[in-house]
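The values are calculated or read from the model by the stated rules, or taken from the named source; none is laboratory data. Everything numeric here is computed off the predicted structure, so don't read it as measured data. Ideal geometry is used to build each Cβ from the backbone, glycine not excepted, and the neighbour counts take in all protein chains shown.
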Amino acid sequence: MRMGMRLAEIVLGIIFLGAGLNGYLVLFGFEPLAPTSPAAMEFLGSGYFLALEKGVEIVAGIFLLIRRYVPLMLLILAGIIVNILAFHIFVDADLLLLAILITVLEGVLLWHYRESYRGLLESRPKHFR
């Protein structure tokens, strides 16, 4: 079980680190290493939004690979992953399988680290009781 979760962390980390670096190549005017959806690049543009999202992806990918703050990185990536999945379902289905893969990996890892989120899911914080 632990080996499978570690593998999921590594795969998700590599995907986001690669996607983030690929986005910065586009931002700096170089040809991307991996194919980039033209619709996605149109959506993200070439300004601060692309830099911000790709920066978060790089940092989260690195932290997943070195296994630091994994539950926090999963929460940070959750919003990005929901948008990636929705984008590929409704706008551009070219990379839908990759979007489904990262959604499944995210869900499995969130479930694995569910105890880390117990305090976030309380309706009343303990110090107010």
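When the range 84-103 is limited to residues that are in a helix (DSSP H, G or I) and touching a helix residue (DSSP H, G or I) at 6+ places or on another chain (Cβ under 6 Å), the one that is modelled with the lowest pLDDT turns out to be LEU95. Note on the range 1-16: residues that are within 7 Å of LEU64 (Cβ to Cβ) and out of contact with any Asp or Glu (no Cβ under 8 Å at 6 or more places or on another chain) total 2. Summed over the range 104-129, the residues that are part of a helix (DSSP H, G or I) and either within 28 Å of LEU50 (Cβ to Cβ) or not hydrophobic (A, V, I, L, M, F, W, C) (or both) give a count of 15. The number of residues in the range 72-92 being more than 16 Å from LEU17 (Cβ to Cβ) and of a type outside the set (Asp, Glu) comes to 13. MET73 - would you say it is surrounded by 11 or more Cβ atoms within 10 Å (Cβ to Cβ), closer than 20 Å to ASP92 by Cα and either modelled with pLDDT of 90 or more or over 11 Å from the mean Cα position of the chain (by Cα) (or both)? So MET73 fails the test.
Yes/no matrix, rows are residues, columns are (1) modelled with pLDDT under 90; (2) in a helix (DSSP H, G or I); (3) more than 17 Å from the chain's Cα centre (by Cα); (4) buried (at least 17 other Cβ atoms within 10 Å of the Cβ):
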{"site": "LEU33", "(1), (2), (3), (4)": "yes, no, yes, no"}
{"site": "ALA40", "(1), (2), (3), (4)": "yes, yes, no, yes"}
{"site": "PHE49", "(1), (2), (3), (4)": "yes, yes, no, no"}
{"site": "ILE58", "(1), (2), (3), (4)": "no, yes, no, yes"}
{"site": "LEU64", "(1), (2), (3), (4)": "no, yes, no, yes"}
{"site": "VAL82", "(1), (2), (3), (4)": "no, yes, no, no"}
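The residues in the range 93-112 that are over 19 Å from PHE16 (Cα atoms) and buried (at least 16 other Cβ atoms within 10 Å of the Cβ) can be counted, and the count is 1.
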